[in-house]
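Below you'll find the structure, written out as structure tokens, and then a few comments.
The values are calculated or read from the model by the stated rules, or taken from the named source; none is laboratory data. Note that the coordinates shown come from a computational prediction; the quantities given were computed from them, not determined experimentally. Counting neighbours? That spans all protein chains shown, and the Cβs are built from the backbone with ideal geometry, glycine included.
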Amino acid sequence: MAESKPSMMEECRISQPEQGSSQVFRPGKLLCIGRNYAKHAAELGNSVPTTPMVFLKPSSALTPSGGTVVIPDQSSDVHHEVELVCLIGRRGRDISRNDALSHVAGYAVGLDMTARDVQQKAKEKGHPWSVAKGFDTFAPLGEFRSADSVSDPQALNISLKVNNEVRQQGHTSDMIFPIDELIVYCSSIFTLLPGDLIYTGTPEGVSAVKTGDILEAEVEGLAPLHVSVS
């Protein structure tokens, strides 16, 4: 385990070069969607949900591109999960589907790192997954692009390489619950606030990482995300 203090993200920034300015948000809730790609659910032997499966990560799990994912002492089986991430730009509760995407300020590529062995033990006991998902550095996040620059968030290729080898490759059209539905559902439970993040789920191909690995995550049209593992 690395001795140096992990780098954490204290703000989410959307650059607006044409205006010579940027929007800055303080990260709020990290709302993560489990089993939102059918093939990923199948590879882990899980059923496909009929409503979105939501779990939370703390904002202290965020780490920027160029940072380091730290494998904790409590796990020997940490997996990568590449995801499209939405940044909420304005407050909303019980948001309608027609209005849902107008609440998104930006999009980025992220990783939902998971201590799979810790998660499995929790599942067997019927316990929550918070510990398996919430370690420091377990939510790497790339640079945001404005929502206006993404014409259709459900029409994007998504991929992850480990040491330049493709491990995950999918398409956001394969989401079981598209982004507007996720916003409708989440806002029926939680008031969505500026700075809240929605990690929208991962395609198939998740696998373990080890110390020394280099991860490169990409979503079409967005800035790539690079992290190392220690």
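Key figures for this structure:
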item	result
Residue match in the range 39-53 (condition: assigned to a strand (DSSP E or B) and under 16 Å from the mean Cα position of the chain (by Cα))	yes
Whichever residue in the range 139-182 is acidic (Asp, Glu) and in contact (Cβ under 8 Å) with a residue 60 or more places away in the chain and, among such residues, is nearest to residue 210 (Cα to Cα)	143
Failed criterion for residue 130 (all others in (1) modelled with pLDDT under 95; (2) surrounded by fewer than 17 Cβ atoms within 10 Å (Cβ to Cβ); (3) out of contact with any Lys or Arg (no Cβ under 9 Å at 6 or more places or on another chain); (4) not aromatic (Phe, Trp, Tyr) hold)	(3)
Selection count, the range 182-197, where residues are more than 16 Å from residue 96 (Cα to Cα) and either of a type in the set (Asp, Glu) or not in a loop (DSSP other than H, G, I, E, B) (or both)	2
Residues (in a helix (DSSP H, G or I) and over 19 Å from residue 116 (Cβ atoms)) located in the range 131-181	147, 148, 149, 172, 173, 174, 179, 180, 181
Meets criteria (within 26 Å of residue 75 (Cα to Cα), among the acidic types (Asp, Glu) and part of a loop (DSSP other than H, G, I, E, B)) for residue 216	no
Among (1) part of a strand (DSSP E or B); (2) modelled with pLDDT under 95, the one test that residue 123 misses	(1)
Hits in the range 53-88 - residues which are out of contact with any Asp or Glu (no Cβ under 6 Å at 6 or more places or on another chain), crowded, with 22+ Cβ neighbours inside 10 Å and farther than 15 Å from residue 113 by Cα	86, 87
Filtered residue count, the range 11-35, keeping only those that are modelled with pLDDT under 95 and either touching a helix residue (DSSP H, G or I) at 6+ places or on another chain (Cβ under 6 Å) or not hydrophobic (A, V, I, L, M, F, W, C) (or both)	13
Residue ID - farthest from residue 227 (Cα to Cα), chosen from residues in the range 89-125 that are of a type in the set (S, T, N, Q) and buried (at least 18 other Cβ atoms within 10 Å of the Cβ)	119
Of residues in the range 19-49 being surrounded by 17 or more Cβ atoms within 10 Å (Cβ to Cβ) and charged (D, E, K, R), the one farthest from residue 112 (Cα to Cα)	29
Some residue of the range 142-158 being under 22 Å from residue 8 (Cα atoms), in contact with a helix residue (DSSP H, G or I) (Cβ under 6 Å, 6 or more places away or on another chain) and not polar (S, T, N, Q)	no
